[in-house]
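This report refers to the structure that appears directly beneath it.
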Amino acid sequence: MAASGARQPAIIEAPSVLGLRPSGVQDLPAALLGAGLLRRLGAVRAGRVDPPAYDPARDAGTGVLNPYAIARYSAALADTVGGVLDSGRFPVVLGGDCTILLGNLLALRRRGRPGLLFLDGHTDFYQPAAEPAGEAASMELALATGRGPRPLTDLEGRGPLLRDEDVVALGFRDAEESAAAGMQPLPPGLHAIDLDGVRAAGAAAAARRAVDLLTEGGSDGYWVHLDADVLDDAVMPAVDYRLPGGLGLPELETILRTALADERARGLDVTIFNPRLDPDGRAAARLTDCLARGLAPVTHHR
């Protein structure tokens, strides 16, 4: 594994709920910054990318909420993330819903062939016809790999943003439930290590395996996507679509430290934590502490 030197984190606020609904996840940046994330990371603030106006009606042509607004937002977010990358800093993007992943990946796609470590309690591989509310936040991994309506799978004519073999989905636990609800299975070329697989190998070994898979291929570095619902529901109940079980905080910290210790890690986003479901701020404090510990390879010389 290639060790990383210190790269100053640069926090970008991306409070978009275009792919979900205005339920509270748009308050994620303020909650984590209020819990001290900027100070804990020794980070700088690199801007805020506000989304276009929200339309609650599904688009008739694509079956998705706000597809063209998401496409415009992805380009704007990619501009800001790209500026951080070009400065030599490490982008930490605070969402928002999971569709912010598209803008983050677009920034990397403009510069080459990205990989992705996908840490999510769900696999987010719906197609619009099967997704009950047309929420693109339930289909962003499918969209990023080129499956879905063209306005979201071919951003700037660069689609797909990801090749299947450049993705590792790690820690998910929704396979049976989502299949019953109509979500398509992950394709065979996409690497998948579910929660049971993480537990069988141990968090450190599973994360090392993921990094090996991401760096042995032809990608030009990888992004790390973190949906807060990958965490155990007992410690992270402040998410909109809850599932029993999940990774413990020490397991997630180990995975992040392992993934971010490699210099080919390009950036991180955090999504779906809903502060309105965390009235006493305990979940925000736990998540902030986990992120600060997990990002230690980026923020400290090794």
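The values are calculated or read from the model by the stated rules, or taken from the named source; none is laboratory data. As the structure is a computational prediction, the values presented were derived from the model and not from experiment. Heads up, the Cβs are rebuilt from the backbone with ideal geometry, glycines too, and the neighbour counts pull from every protein chain shown. Surface accessibility is based on the protein's heavy atoms, side chains included, excluding ligands, DNA and RNA. Shrake-Rupley method; radii C 1.70, N 1.55, O 1.52, S 1.80 Å.
General observations
- Residue pairs whose Cβ atoms lie under 7 Å apart, separated by 6 or more positions or on different chains, with the first residue in the range 167-189 and without any contact (Cβ under 8 Å) to a residue 40 or more places away in the chain and the second in a loop (DSSP other than H, G, I, E, B), are Ala179/Pro185.
- When each of Asp262, Asp220 is tested for being among the acidic types (Asp, Glu), open to solvent by less than 20 Å² (accessible area, probe 1.4 Å), over 13 Å from Gly171 (Cβ atoms) and touching a residue at least 40 places away in the same chain (Cβ under 8 Å), the lone residue that passes is Asp262.
- Scanning the range 11-53 for residues that are part of a strand (DSSP E or B) and within 25 Å of Ala69 (Cα to Cα) yields Ile11, Ile12, Glu13, Arg45, Ala46, Gly47, Arg48.
- Test: residue in the range 22-37 that is under 18 Å from Cys98 (Cβ atoms), at pLDDT below 95 and of a type in the set (D, E, K, R): no
- Residue list for the range 226-241, restricted to those being over 22 Å from Glu131 (Cβ atoms), of a type in the set (Gly, Ala, Ser) and buried (at least 24 other Cβ atoms within 10 Å of the Cβ): Ala238
- The C-beta contact set for the range 109-138 (first residue modelled with pLDDT of 95 or more and of a type in the set (Lys, Arg), second residue crowded, with 24+ Cβ neighbours inside 10 Å and not in a strand (DSSP E or B), distance under 6 angstrom, 6+ apart or interchain) comprises Arg109/Leu161.
Each row is one residue, and each column tells you yes or no for (1) touching a Pro at 6+ places or on another chain (Cβ under 6 Å); (2) open to solvent by 10 Å² or more (accessible area, probe 1.4 Å); (3) more than 20 Å from Glu263 (Cβ to Cβ).
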position	(1), (2), (3)
Pro9	no, no, no
Leu38	no, yes, yes
Ala76	no, yes, yes
Leu106	no, no, yes
Arg109	no, yes, no
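- Among the residues of the range 116-153, not one is open to solvent by 30 Å² or more (accessible area, probe 1.4 Å), charged (D, E, K, R) and under 17 Å from Ile272 (Cβ atoms).
- Matching residues, the range 36-73, being among the hydrophobic types (A, V, I, L, M, F, W, C) and either touching a Ser or Thr at 6+ places or on another chain (Cβ under 6 Å) or more than 12 Å from Gly19 (Cβ to Cβ) (or both): Leu37, Leu38, Leu41, Ala43, Val44, Ala46, Val49, Ala53, Ala57, Ala60, Ile70
- Here the range 274-287 is the region considered, the condition is being surrounded by 21 or more Cβ atoms within 10 Å (Cβ to Cβ) and not in a loop (DSSP other than H, G, I, E, B), and the residue that is nearest to the chain's Cα centre (by Cα) is Leu287.
- Hits in the range 85-103 - residues which are open to solvent by less than 10 Å² (accessible area, probe 1.4 Å) and assigned to a helix (DSSP H, G or I): Ile100, Leu101, Leu102, Gly103
- Residue that is nearest to Asp55 (Cα to Cα) [pool: residues in the range 118-161 that are in a loop (DSSP other than H, G, I, E, B) and aromatic (Phe, Trp, Tyr)]: Tyr126
- For the residues Gly19, Gly47, the requirement of being modelled with pLDDT of 95 or more and open to solvent by less than 10 Å² (accessible area, probe 1.4 Å) singles out Gly19.
- Criterion (closer than 25 Å to Leu190 by Cα, under 16 Å from the mean Cα position of the chain (by Cα) and in contact (Cβ under 8 Å) with a residue 24 or more places away in the chain) met by exactly one of Thr271, Thr215: Thr271
- Any chance Arg58 is at pLDDT 95 or above, more than 23 Å from Arg150 (Cα to Cα) and basic (Lys, Arg): no
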